[in-house]
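Participant: Quick one: structure below, then a few questions.
The values are calculated or read from the model by the stated rules, or taken from the named source; none is laboratory data. These numbers come from a predicted model, not from an experiment. Backbone-built Cβ (ideal geometry, glycine too); neighbour counts: all protein chains shown. Surface accessibility is based on the protein's heavy atoms, side chains included, excluding ligands, DNA and RNA. Shrake-Rupley method; radii C 1.70, N 1.55, O 1.52, S 1.80 Å.
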Amino acid sequence: MNDTPDTPDTPAPSTPDAPAPAADEPPPFTFADLALRPELLEALATLGYEEPTPIQREAIPPVIAGRDLLGQAATGTGKTAAFALPILHRMPPLGAGTHPVALVLVPTRELAVQVSEAIHRYGKAQGARVLPIYGGQPMQRQLKALQRGVDVVVATPGRALDHINRNTLRLAGLQMVVLDEADEMLDMGFAEDIESILAATPEGRQTVLFSATMPGRIDKMARKHLRDPIRIQIERERTASGEAPQVRQNAFIVSRFHKPAALGRILDVEAPTAAIVFCRTRDQVDQLTETLNGRGHRAEALHGGMTQEQRDKVMNRLRAGTAELLVATDVAARGLDIEQLTHVVNYDVPAAPEAYVHRIGRVGRAGREGVAITLAEPREHRMLKTIERVTKQKITVEKIPTVADLHARRLDATRAALHEILVSDDLEQSRVVVDTLSDEFDLMQIALAAVKLAHDATGGHESDEQDEIPDVQVRPDSGGSGGPGGGPKGKWEKRGPGGSGPGGPGGPGGGKKRPTDGRPMTRLFIGAGRVAQIRPADLVGAITGESHITGKDIGSIQISDKFSLVEVPEGDADQVIAALKAGTIKGKKTMVRREKF
């Protein structure tokens with residue numbers, strides 16, 4: 001079978017230069033074998049598509065025949081065409097009705113637009129009237145389009161239900177309902193809206209449900225709303241060689257304090273063409289975006305607190321190549337289709353294996369290789385094992401790149417850039433510089449100086465100014481059982497340059513450590529950092545001045561921009577917290593608590 005095209009959820013493109021099959025091989029299965037309407041076959045041929053993907057081959061015939069369908073298919077397998085083509089095949093002639101014959105429900109506004117555009121492309125010759133409706137778009141525009149008449153409505157559940165309640169979206173003539181990415185819609189809290197919408201549809205309507213995962217909630221919904229459905233399960237698309245797409249899955253165990261630096265180091269070494277970095281909260285998105293931009297990356301934030309206009313501008317910059325990183329929450333990034341995406345980064349381990357599946361499904365499409373990277377705190381190591389077990393895929397735990405690794409990567413980039421110039425550019429105009437310097441210096445020295453100049457111009461010298469990031473590893477006897485906060489058997493230690501054993505600077509977050517005298521330690525969170533001009537001496541002075549412990553009792557101190565982390569003996573922690581709350585640090589009241597993890 002041919003590779004799928006760059007754009008996901010579309011039929012596979014033709015390959016005119018491919019050799020003809022051998023005489024003893026069966027002819028390739030094409031869209032003509034699906035007995036689609038001539039207008040659709042012509043549209044697909046114009047778009048360059050001949051051979052359907054597995055989900056299209058399995059789903060289109062029963063859906064055309066009017067059967068309900070329950071399909072499990074990952075993003076990028078071509079499922080949009082699997083329901084779009086049957087809708088268009090069964091659609092009455094243009095102008096036959098005012099109200100829609102098909103309703104497609106999707107989780108996000110971005111996906112609504114993408115699905116609507118795909119259906120419009122396939123049905124252009126038929127004059128198909130397709131309308132996306134979603135929140136953030138002017139209601140008046142949607143009302144006018146619905147009044148003029150539409151054939152297919154692609155909607156988010158909330159806005160669809162709004163129109164149904166207004167009696168502006170009339171479903172009396174509806175023949176088919178499609179639930180696309182049903183598991184995502186349930187995760188986003190649309191279960192009640194979907195139930196209300198399905199209750200408003202005609203009893204005899206056809207229902208098609210697609211989901212990347214099949215949790216119990218999806219199976220329950222299918223039993224309630226689908227009538228004797230055809231069940232299809234399709235794995236990720238295969239490449240021309242018959243191999244599954246290559247998604248390299250790596251994880252790095254790193255303390256929370258060192259996560260921003262570790263991510264920057266990893267991105268510097270990986271050099272993605274485009275990447276999505278997933279964060280848990282809006283605040284984390286904004287802070288990490290600012291940090292990455294400060295390191296010289298071109299990062300854009302995307303979260304639910306942004307207007308649709310802001311979101312559109314961000315996506316346009318990413319697709320145009322003026323931004324390379326999209327830092328986003330799960331909700332904001334759902335339904336996005338970024339053709340040039342090469343990397344997905346989980347800044348935190350996803351809370352559920354299903355979320356991990358959806359995230360990494362954005363790369364490795366259409367035969368291209370992709371990379372999925374996860375930054376895990378020690379306490380999250382056990383969740384990695386759970387994800388491996390559920391997905392049946394190996395996540396390789398690697399060491400964070402060292403300064404030497406980064407330096408080598410940048411030298412290699414400099415070498416590649418120089419090679420390109422030597423191969424393709426006219427260098428005669430630079431000869432006068434070399435001739436002038438050659439009277440005083442050897443040609444090798446001149447070349448070395450030129451390489452150094454090019455290397456430094458691309459930021460290569462910055463690696464010399466960076467500190468090593470300590471490795472946080474699981475001891476063999478822990479069995480990956482969770483580390484601090486993850487179970488009584490979890491034992492962790494920090495190794496590598498800059499470390500000082502358990503409890504040293506940058507060690508694992510939040511758990512108890514033992515200094516050399518054997519006393520257990522705990523870490524306190526203090527709500528002031530470099531922005532407030534806090535120094536280690538200020539924290540030591542405040543703690544020893546307000547409590548009975550001495551400077552020798554205090555462990556490692558880590559100061560970030562807006563907060564600080566200080567280790568104190570476990571038995572004295574409550575007394576230190578109470579003392580600091582009663583006093584001030586640099587003349588100001590400051591929040592103090594045990595570190596949460």
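Participant: Taking the residues in the stretch 421-435 that are open to solvent by less than 90 Å² (accessible area, probe 1.4 Å) and part of a helix (DSSP H, G or I) as candidates, determine which candidate is nearest to L411 (Cα to Cα).
Facilitator: Restricting to residues being open to solvent by less than 90 Å² (accessible area, probe 1.4 Å) and part of a helix (DSSP H, G or I), the top hit is I421.
Participant: Of the residues R317, R248, R311, which is part of a strand (DSSP E or B), touching a strand residue (DSSP E or B) at 6+ places or on another chain (Cβ under 7 Å) and open to solvent by 10 Å² or more (accessible area, probe 1.4 Å)?
Facilitator: Working: R317 fails: part of a strand (DSSP E or B); R311 fails: part of a strand (DSSP E or B).
Residue meeting the stated conditions: R248.
Participant: Among (1) within 25 Å of the chain's Cα centre (by Cα); (2) of a type outside the set (K, R); (3) open to solvent by 50 Å² or more (accessible area, probe 1.4 Å), there is one condition V154 misses while meeting the rest; what is its number?
Facilitator: Condition not satisfied by V154: (3).
Participant: Among the small types (G, A, S), surrounded by 10 or more Cβ atoms within 10 Å (Cβ to Cβ) and under 24 Å from T273 (Cβ atoms): which single residue out of A408, A404 fits that description? Talk me through it step by step, then tell me what you get.
Facilitator: On the way: A404 fails: under 24 Å from T273 (Cβ atoms).
The conditions single out A408.
Participant: Moving to a separate point now. I'd like to verify a number: residues in the stretch 545-565 that are assigned to a loop (DSSP other than H, G, I, E, B) and of a type in the set (V, I, T), how many? Before you say what the answer is, go through the steps one by one.
Facilitator: As a first pass, look at the stretch 545-565 and keep what is assigned to a loop (DSSP other than H, G, I, E, B): 547-550, 554-556, 560-563.
After this cut, where a residue has to be of a type in the set (V, I, T) as well, the list is 549-550, 554.
Going through the stretch 545-565 one residue at a time, the tally reaches 3.
Participant: If you don't mind, another one. How many residues does the stretch 31-49 contain that are surrounded by fewer than 20 Cβ atoms within 10 Å (Cβ to Cβ) and closer than 26 Å to E181 by Cα?
Facilitator: We begin by selecting, within the stretch 31-49, every residue surrounded by fewer than 20 Cβ atoms within 10 Å (Cβ to Cβ); these are 32-35, 37-39, 41-42, 45-48.
If we keep only those that are closer than 26 Å to E181 by Cα as well, we get 34, 47.
Residues that pass the stated criteria total 2.
Okay, residues lined up against (1) at pLDDT 85 or above; (2) among the β-branched types (V, I, T); (3) under 27 Å from V254 (Cβ atoms); (4) in a strand (DSSP E or B):
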| position | (1), (2), (3), (4) |
| --- | --- |
| G506 | no, no, yes, no |
| L524 | yes, no, yes, yes |
| E567 | yes, no, yes, yes |
| D574 | yes, no, no, no |
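Participant: Counting only residues that are among the acidic types (D, E) and out of contact with any Leu (no Cβ under 8 Å at 6 or more places or on another chain), how many does the stretch 96-135 have?
Facilitator: So the count comes out to 1.
Participant: Of all residues in the stretch 45-56, which are within 25 Å of L70 (Cα to Cα) and part of a helix (DSSP H, G or I)?
Facilitator: Matches in the stretch 45-56: P54, I55, Q56.
Participant: Still on this structure, I have one more. Exactly one of these conditions fails for V397: (1) buried (at least 21 other Cβ atoms within 10 Å of the Cβ); (2) at pLDDT 85 or above. Give me its number.
Facilitator: Looking at each condition in turn, V397 falls short on (1).
Participant: Same structure again: What is the residue count in the stretch 257-307 for residues that are open to solvent by 10 Å² or more (accessible area, probe 1.4 Å) and either polar (S, T, N, Q) or touching a residue at least 60 places away in the same chain (Cβ under 8 Å) (or both)?
Facilitator: Looking only at that region, the number is 18.
Participant: Going by what's in this entry, would Q233 be described as surrounded by 18 or more Cβ atoms within 10 Å (Cβ to Cβ) and out of contact with any helix residue (DSSP H, G or I) (no Cβ under 6 Å at 6 or more places or on another chain)?
Facilitator: Working: surrounded by 18 or more Cβ atoms within 10 Å (Cβ to Cβ): no; out of contact with any helix residue (DSSP H, G or I) (no Cβ under 6 Å at 6 or more places or on another chain): yes.
So Q233 fails the test.
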